[in-house]
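Here is the structure we will look at.
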Amino acid sequence: MSNNQPLPPDDSPPPVSLDWELGRELDEIAAQYFYQDCDRTTQKILSRCGWYLSSFIEYPTLVIACPDQVTNWLILKQLMPLARILRQWLTTAQIRIYPPPGEGNVLELSVLQDIP
């Protein structure tokens, strides 16, 4: 016969919301270090976008939302430097770029191999 009494609080697994919050904090700290590793030009371009690092997607992912076509083009020209920085920290990562609304499709790239 099984005992269906709940576990004492110290023996219970932590709530999912706590895991989520700690994961978000880790992502925010990683984003700060990532931004610091970017050169000044890349920092200026990123500051014109909405962007974040997420470890809650299949692979750690740099997500960038471009507000306009000019910024989208500038981000696309910075793909290699962005990938190099991610590669310094992660063995597997992705970059996901959202163009301005109504201006095309999402571009998603894997950063798996060594980048020169």
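Rule-based calculations on the coordinates, nothing more; no lab input. Since we're looking at a predicted model, the values are computed, not measured. Note that we place each Cβ from the backbone using ideal geometry, even for glycine, and neighbour counts take in every protein chain shown.
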In Hz, Karplus ³J(HN,Hα) per residue of the stretch 81-88 (6.51, -1.76, 1.60; θ = phi - 60°; x = Gly, Pro): x, 4, 5, 4, 5, 4, 5, 5
Whole-Hz couplings from phi, Karplus 6.51/-1.76/1.60, listed for the stretch 102-109; x for Gly and Pro: x, 10, x, 9, 5, 9, 10, 10
Against the rule of thumb 2.2 N^0.38 Å, how large the Cα Rg of the stretch 15-111 comes out: 1.08
Label-point separation, Val106 to Met80 (7 Å along Cα→Cβ), nm: 2.7 nm
Where chymotrypsin sites (Phe, Trp or Tyr not before Pro) fall in DSSP loop in the stretch 42-116, at most 16 other Cβ within 10 Å: Phe56
Potential lengthening between Phe56 and Leu26 on full extension [0.36 nm per residue; Cα-Cα distance subtracted]: 9.7 nm
In order through the stretch 35-51: 3J(HN,Hα) via Karplus (6.51 cos²θ - 1.76 cosθ + 1.60), integer Hz, x for Gly, Pro: 4, 5, 6, 6, 6, 4, 4, 5, 4, 4, 5, 4, 5, 8, 10, x, 8
